[in-house]
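Just so you know, all these numbers are worked out from the coordinates, no wet-lab data involved. Computed from a predicted structure; not experimentally measured.
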C-alpha cells in the first residue's frame with residue numbers, strides 16, 4: 001500500500017511510538033482481537049430508518065451533506081437529542097426529515113448557509129453537482145479524500161512534535177458512507193475502499209479505552225472522566241486519535257493472523273456500534289471542540 005492512507009498509518013504508528021500520554025496495552029489488544037475473531041459482526045447496511053434513501057442523486061446529496069455536518073462531538077453534550085438517540089443519529093435523522101419533506105439543497109442553497117463551505121466548493125469546482133464531485137474521483141477513495149480536503153473544514157491535519165499527522169476523518173468516512181448507501185456500486189464504488197484507515201473520532205478510542213486497549217496517563221484520564229475539554233491539536237488529543245488508528249491496525253493484523261479477513265473500516269464500525277451500548281455511554285469520552293469529528 002502506498003499513498004495517503006499509508007502515510008496516515010505510518011504517522012499514527014510514529015505518534016504511538018513517541019506518545020507521552022497514551023499507550024497501547026498489548027495484552028488487552030490480543031484479548032480483544034481473539035474475541036472479535038471469534039465473532040466478528042457482519043458489516044452494517046444503510047439503515048433507512050435513520051438515514052435518507054431516495055433516488056440515487058438525492059441519496060448522494062444526502063450522504064455528502066450529512067458528512068459535511070457530521071462533526072461536533074465536543075458540543076454534543078449540549079445538543080438536545082432525540083429520545084434514546086446519540087448526537088450523530090440526532091443529526092442524521094434531522095437531515096433525513098428535511099430531505100423527506102423538501103428534498104436536497106442544491107449548491108447555491110448550501111452557499112446561503114453560513115458557515116458552510118460545501119456549497120461554494122461544489123459550485124466552483126464541480127459545476128454545482130454532487131455527482132460530478134464523486135465522478136471526479138474515478139472510483140478512488142483516496143482521490144475523493146484529497147478532493148474533499150480542499151475544503152478547510154475537511155483539512156484534518158495536526159502537528160505533533162516535528163511532523164504533520166493527517167487524519168482526514170470526515171473525508172474518509174464520506175467514501176465509506178457512499179459505499180454503504182450504494183452497496184458498493186454506482187456512486188459508492190471505490191476500488192481502494194479497503195485501504196481506508198479507522199475514522200479518528202472520539203468514540204472508537206473511548207471503546208478501546210473501556211476495553212483496556214488504550215491506557216491514558218493518570219492525569220489525562222482524570223480530566224476526561226471529569227468532562228474537561230481537551231484543546232484541539234494538543235499532544236494529548238493527537239495521541240488519542242492516532243493511537244486509536246494504530247490500535248485498529250494492530251487489531252486487523254491480529255485478527256488476520258487468526259485466519260479471519262477484515263479491514264480497518266470493518267473494525268471501526270464494530271467498535272463504533274459497541275460504543276452505543278449503555279455501559280459505554282455511562283463513562284465520559286474525550287471531548288475537543290473542532291470541525292473534524
Q. Considering the Cα trace of the chain, what is its radius of gyration and what is Dmax, both in angstroms?
A. 18.5, 53
(Q) As an exercise, take the mean of 1/r over every pair of distinct alpha carbons in the stretch 126-239, invert it, and state the Kirkwood radius in angstroms. (A) 16.0
Q | Crossing angle, helix 264-274 versus the chain [Cα axis fit, 0-90 degrees, rounded to tens] | A | 80
Q) In degrees from 0 to 90, rounded to the nearest 10, what is the angle of the helix 87-102 Cα long axis to the longest principal axis of the chain? A) 10
Q. Using alpha-carbon pairs under 8 Å, 6+ residues apart, how would you state the relative contact order of the stretch 4-281 in percent?
A. 29
Q | Folded to 0 to 90 degrees: helix 169-181 orientation relative to the chain principal axis, Cα | A | 60
